[in-house]
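A.B. asks: Okay, here's the structure, questions in a sec.
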Amino acid sequence: MTNPVTRALRLRVISGSPLLAVAFCLAAAVLLTATQAQAPTGGLLQESVRAGRPEVGVPDEFWQVLLRSVLRVTMFAAAAVTLTWRARAARPEASVWRWFARTAWVAAAASMLAGVVDCLTVRGPLEGVGGGGAVLGAGVLAACPLLYQGLVRWNRYGTHLSEPGDWLNGIGAAFALTAIGNLLLPLVDSPIAAWPLWQEQLWLLRISAEITLLGSAATILHIGGLHRDVRAWALTLSLAAVVGVEVAAVHDPVAAVGNGPVSELGWTLLAVTFALTAVLRAVPPLARPVTTTAPTAGAFVALLASIVVLVAAGLSSGTVGGRATTAAAVAGGLGAISVSVRGVQLIRLLADLVVHRREALTDDLTDLANRRALNLELGRAYRAGRDLTLVLIDLDGFKRVNDRFGHAVGDELLRRAATVVRSAAGPDTFTARFGGDEFAVALPTASVDEAADLVAALARETAAPVLIGGRRLLVTGSIGIASSLDADDPEQLLALADAAVYRAKAAGGARAAVHDDAAAAEAAEEVRLVEELQALLGNPDAVPGTDPGRLDVHYQPQLDRLGRVVGVEALVRWRNARRGLLPPDVFLPLVEDYGLMPALTGAVLRQAAEQTASWRARGWRVRLSVNLSATCLTHPALSSLVDDVLADTGLPPSDLVLEVTETSVMADPAGSVARLLDLADRGVEISIDDYGTGYSSLAYLRDLPAAELKLDRSLVADVGTDPRADETVEVLHVLRQLGCDETQGYLHSRPLSAADFERWFERSRAACRLTVGADD
Ligand code: C2E
Ligand code: CA
């Protein structure tokens, strides 16, 4: 039993399939076809119809009609059972098969009714009525929309394109085809044209519905990505057989009746195909992009056909018989109406889409275009080769306003800002809210100078404070400007403008910066430095493989009144692998901005403490001063860092001085004072650095446990810049007279590397000994 064909089949058949029902369907179909073929004239009842004189009452005939009816009902019912099972058995095609099952149930019901009518015609009160063929034909017609529903749903599994109005396309197409059929029928000289009007129209409508089904199946095979699905092919081919058989019967009125021998063949084949395909596993449809082309094209074709028919009906009313033209016109009209309804539906959908699109491109809060819209606009401009200048405006201190006064005030502020930006930007510009507190204006010019007007207007508008929620707020923005001439694509343009904003902010905000190449190079270098700093300070975000070089602490001596070296200030330098020794002003702002200050302070403190401890071990007693920035001052781990370093190096706390500036204390006065008291408790000394440069609040100064006040050099004249040493020596004398215990400056020495300091120290000790000796 390991026949490969059997095995392949078993793999494809869904387990638990109602194979008995399939077998019933198949057997009934074979017997039905056989009885039809055996009938001498292709069907006794039809023979009676053909002869125009129903030979009723023949017992043989009655039993044959009954048998065929039973077979027909059995066939459709067995198919329906199989399909119903399939609809319940397996997702995801459940709804497809539910509609197919309904189709089969309707066919079974129609067969039953047709059978009763046929039997009563042969032997009973309906004598001479013309048979159940018409009933079956009507049943088939009723089944067509159900089948269509199934096919449409099958399509959706492939494209996930939900088109609830598809059925209008179907009805439109069927009516259009009916109209065409009405015009063609007299031309092909079909005896059907001689039938009663209702019967003729029913016949035409049925064929049209079947052709529509065939067209739909073929289309779905294509757009639904069902090429690999045997089931889809089988159903399409059976529908082709149905249509072929019906069309072939156009000259044979007997065959054309619903249960005519040939006509029956098509639907028998369809029933069997349905039953067989229902037990086969689904083949996943090929993924297809969602498109609106297919439904639109469908509607268009049906509309066009209906119009053509209406026109043709009008033109041919003279040549073709009046009945045919009227019928064609009516059918064409109906087709046009259903397709027009579908058209209206599509238009409504389109209008909805436009609204959605608008919503998707608009910022809710300010009604300006949003970031997506700006990106689209920039993309369009670049594709069309249109020059533009991009102006980015970033509000200064917006986050603070939001945090302090709440979101309602923040939102109102953004709305006001949007109004200001829009009115300053003027007409012919594209204005968008680009991000939280960022606005963008695209000016239709490549010249960045033209942005000057906008900048001036913005400056004018933001000069006075605005009243929001009872608060007077001064709102300014930092502006970055870049021209499309400098950027190859929208992303680069945005990046340049953004970098310019960053520079404007760095320069203190409320100003504008224009992109230029030097600035761009500077920005790129800055990015590189930041990457290197991250690697240097062991940041996990660091780009792997970066060689950052190393931190190099320099020491500047501090001398007492007698000229003895009593301490050193640790001043950090960075020996950068690319650029050599960098002074702190080059990289400390970046260290601060990128949150690396605690790491840097830790590294400096440790390096300097180890160095000082090693000097101590040699018998040189120097105090170590280390600078603390504002972020370190409030860092929770500061005290434990100091503890660890002191414990690890053995440096006594009294030999460590931490320098803080007034400005950094003022960032969080209460917290800073508490932290410094905590450190002072450990015996560490606190020094107020740069005294006289910041804004001095004596109130807090009094609370600080400071042991030292370092007067800034700006307070004591140009000590450092003045090359004439005698004058600076004079200043030194004055300072000492004023009560300054210790001094530090170029006068004594520049900051030195550890090795240089050691040499300098040896020399200075010798000199000091000499001087002191001379004085004595
Ligand atoms: P600061 O704390 O005021 O350090 C003194 C600065 O003045 C040093 O500059 C020093 O070289 C310079 N200086 C000393 N005497 C003279 C003089 O006679 N004339 C002139 N013109 N300058 C003199 P440096 O080393 O460039 O450091 C600049 C600033 O960087 C420091 O100012 C300090 O605020 C900061 N800094 C340096 N190292 C560190 C550190 O490890 N951590 C932190 N947080 N900041 C540091
Ligand atoms: Ca200092």
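A.B. asks: Here are some residues: Arg422, Arg400. Which one is assigned to a helix (DSSP H, G or I), open to solvent by 30 Å² or more (accessible area, probe 1.4 Å), out of contact with any Pro (no Cβ under 6 Å at 6 or more places or on another chain) and over 14 Å from Asp367 (Cβ atoms)?
C.D. replies: Unique residue meeting the criteria: Arg400.
A.B. asks: Quick one: is Ser484 open to solvent by less than 40 Å² (accessible area, probe 1.4 Å), among the polar types (S, T, N, Q) and either under 22 Å from Asp396 (Cα atoms) or in contact with a strand residue (DSSP E or B) (Cβ under 6 Å, 6 or more places away or on another chain) (or both)?
C.D. replies: no
A.B. asks: Does any residue of region 458-467 turn out to be farther than 13 Å from Asp394 by Cβ and touching an Asp or Glu at 6+ places or on another chain (Cβ under 7 Å)?
C.D. replies: No, region 458-467 contains no residue that is farther than 13 Å from Asp394 by Cβ and touching an Asp or Glu at 6+ places or on another chain (Cβ under 7 Å).
A.B. asks: Go through the residues of region 607-628 one by one and say whether even a single one is within 30 Å of Tyr700 (Cα to Cα), free of Cβ contacts under 8 Å to residues at least 24 places away in the same chain, hydroxyl-bearing (Ser, Thr, Tyr) and more than 16 Å from ligand 1 (Cβ to nearest atom).
C.D. replies: no
A.B. asks: Would you confirm whether any residue within region 666-677 is of a type in the set (Lys, Arg) and more than 21 Å from Tyr700 (Cα to Cα)?
C.D. replies: no
A.B. asks: With loosely packed, with under 14 Cβ neighbours inside 10 Å, within 49 Å of the chain's Cα centre (by Cα) and of a type outside the set (Lys, Arg) as the only criterion, which of Val543, Val591 stands out?
C.D. replies: Val543
A.B. asks: With a cut-off of at least 3 residues that are among the hydroxyl-bearing types (Ser, Thr, Tyr) and over 22 Å from Glu758 (Cα atoms), name the helices (runs of 4 or more DSSP H) lying wholly within region 509-618.
C.D. replies: none
A.B. asks: Could you grab the pairs with beta carbons closer than 8 Å, sequence gap of 6+ or different chains, first residue in region 499-513 and surrounded by 19 or more Cβ atoms within 10 Å (Cβ to Cβ), second one among the basic types (Lys, Arg)?
C.D. replies: Listed pairs, sorted by first residue: Ala504/Arg511; Ala513/Arg503.
A.B. asks: With away from ligand 1 (no atom under 13 Å from the Cβ) and open to solvent by 10 Å² or more (accessible area, probe 1.4 Å) as the only criterion, which of Val665, Val673, Val684 stands out?
C.D. replies: Val673
A.B. asks: When only residues in region 714-752 that are within 60 Å of the chain's Cα centre (by Cα) and not in a loop (DSSP other than H, G, I, E, B) count, which is modelled with the highest pLDDT?
C.D. replies: It comes out as Leu752.
A.B. asks: Would you please list the contacts, defined by Cβ atoms under 8 Å and residues six or more apart or on different chains, that run from a residue in region 421-433 that is without any contact (Cβ under 8 Å) to a residue 60 or more places away in the chain to a residue that is in a loop (DSSP other than H, G, I, E, B)?
C.D. replies: From residues that are without any contact (Cβ under 8 Å) to a residue 60 or more places away in the chain, the pairs are Val421/Leu368; Arg422/Leu368; Asp428/Pro444; Thr429/Pro444.
A.B. asks: Which condition does Arg573 not pass, out of (1) more than 16 Å from ligand 2 (Cβ to nearest atom); (2) more than 42 Å from the chain's Cα centre (by Cα); (3) over 16 Å from Val642 (Cα atoms); (4) among the basic types (Lys, Arg), if it passes all the others?
C.D. replies: For Arg573, the failing item is (1).
A.B. asks: Please find, within region 594-606, the residue that is least open to solvent (accessible area, probe 1.4 Å) out of those that are aliphatic (A, V, I, L, M), touching a residue at least 40 places away in the same chain (Cβ under 8 Å) and over 22 Å from Asp655 (Cβ atoms).
C.D. replies: Leu596
A.B. asks: Of the numbered conditions (1) over 24 Å from Arg759 (Cβ atoms); (2) away from ligand 2 (no atom under 15 Å from the Cβ), Arg621 fails exactly one; give the number of that condition.
C.D. replies: (1)
A.B. asks: Does Leu120 satisfy being modelled with pLDDT under 80, of a type in the set (A, V, I, L, M, F, W, C) and either open to solvent by 40 Å² or more (accessible area, probe 1.4 Å) or at positive phi (or both)?
C.D. replies: Criteria not met by Leu120.
A.B. asks: Next up: Which of the residues spanning region 313-328 are at pLDDT 75 or above and either in contact with a Lys or Arg (Cβ under 6 Å, 6 or more places away or on another chain) or open to solvent by 20 Å² or more (accessible area, probe 1.4 Å) (or both)?
C.D. replies: If the condition is that a residue be at pLDDT 75 or above and either in contact with a Lys or Arg (Cβ under 6 Å, 6 or more places away or on another chain) or open to solvent by 20 Å² or more (accessible area, probe 1.4 Å) (or both), then Thr326 is the only one that fits.
A.B. asks: Looking at region 607-627, which of its residues are closer than 22 Å to Leu588 by Cβ and open to solvent by 10 Å² or more (accessible area, probe 1.4 Å)?
C.D. replies: Of everything in region 607-627, those that are closer than 22 Å to Leu588 by Cβ and open to solvent by 10 Å² or more (accessible area, probe 1.4 Å) turn out to be Gln607, Glu610, Gln611, Asn627.
A.B. asks: Right, something else. In region 571-584, is there at least one residue being open to solvent by 10 Å² or more (accessible area, probe 1.4 Å), over 15 Å from Pro548 (Cα atoms) and modelled with pLDDT under 95?
C.D. replies: No, every residue in region 571-584 fails to be open to solvent by 10 Å² or more (accessible area, probe 1.4 Å), over 15 Å from Pro548 (Cα atoms) and modelled with pLDDT under 95.
A.B. asks: Here's another thing I want to ask about it. Which residues, counting only those in region 240-296, are at pLDDT 85 or above, open to solvent by less than 20 Å² (accessible area, probe 1.4 Å) and among the small types (Gly, Ala, Ser)?
C.D. replies: Matches in region 240-296: Gly266, Ala271, Ala275, Ala278.
A.B. asks: Mind listing just one residue for me: the one in region 555-570 that is near ligand 1 (Cβ under 7 Å from one of its atoms) and of a type outside the set (Asp, Glu) and, of those, surrounded by the fewest Cβ atoms within 10 Å (Cβ to Cβ)?
C.D. replies: Gln556
A.B. asks: Still on this structure, I have one more. Which of the residues belonging to region 521-540 are under 30 Å from Ala442 (Cα atoms), touching a residue at least 12 places away in the same chain (Cβ under 8 Å) and within 30 Å of the chain's Cα centre (by Cα)?
C.D. replies: Correct list: Ala523 only.
A.B. asks: Additional query: Report, by residue number, each residue of region 636-660 that is charged (D, E, K, R) and more than 16 Å from ligand 2 (Cβ to nearest atom).
C.D. replies: Matches in region 636-660: Asp643, Asp644, Asp648, Asp655.
The values are calculated or read from the model by the stated rules, or taken from the named source; none is laboratory data. Just so it is clear, the model here is predicted, and its values are computed rather than measured. Every residue, glycine among them, receives a Cβ derived from its backbone with ideal geometry; neighbour counts consider all protein chains shown. For the accessible areas, the whole protein counts, side chains as well, though only heavy atoms, and no ligand, DNA or RNA atoms are used. Shrake-Rupley method; radii C 1.70, N 1.55, O 1.52, S 1.80 Å.
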